[in-house]
Amino acid sequence: MVRRPVAWILAVVLFVEAFGVAALNWFLGIVADRQNMSLAGIDPDAMSVSSKVGGVVFGLYFLLCAVVALLVAVRDRAPAGLGRILLISVAVVHGLLGAFAWAMVVDKAAFVFMVVVLGLVVLLLMTYDRLEGPSNPTPAPDGPDSPKDSEQPERPDQDPAPIVPPPAPSPS
């Protein structure tokens, strides 16, 4: 199937992206510190520290999402709970970053990268979404699905119970 390779590729891409985002923001923090840059009167040290902290936080976020994708690849099971929420949130983040890259005409490669990562995350979430049962479900001979001698078979000449719609809401 395509599920495990997609999970492995997504894990690698998110690991690389985590380190890239952290390194880029750390570099921007160093540049802001060395040039004493200020934006709207904000202290240059605050600019530098906030860039570095933001890089570390986003790097750890992407790293955590990569670990979730790696666990999905290793276990070959759908992500559940917090892992599923993290993957959905990283899909939203890449969708928003792709929209910003398109709107700001940063670079077509940045837009394509964001859309590819978004597609990988959505593909990972959707391929594990189906419930797969046994390929040939046969009930046991004495199981709950087997007919009993004492039960009478259904008669096709009788109509089943009518379907009654729910009552209309009262105007109050």
- Which residues, taken from region 4-36, are in a helix (DSSP H, G or I), over 20 Å from Met114 (Cα atoms) and not hydrophobic (A, V, I, L, M, F, W, C)? Arg4, Gly29, Asp33, Arg34
- Within region 24-44, restricting attention to residues that are of a type in the set (Gly, Ala, Ser) and loosely packed, with under 14 Cβ neighbours inside 10 Å, which residue is modelled with the lowest pLDDT? Ser38
- Message: Quick check on my filter: what residues within region 13-55 are in contact (Cβ under 8 Å) with a residue 24 or more places away in the chain and among the hydrophobic types (A, V, I, L, M, F, W, C)?
- Response: Val13, Leu14, Phe15, Ala18, Phe19, Val21, Ala22, Ala23, Leu24, Trp26, Leu28
- Which of the residues spanning region 94-125 are among the small types (Gly, Ala, Ser) and either crowded, with 19+ Cβ neighbours inside 10 Å or touching a residue at least 60 places away in the same chain (Cβ under 8 Å) (or both)? Gly98, Ala101
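The values are calculated or read from the model by the stated rules, or taken from the named source; none is laboratory data. Just so it is clear, the model here is predicted, and its values are computed rather than measured. Glycine gets a Cβ as well: all are built from the backbone with ideal geometry, and neighbour counts include every protein chain shown.
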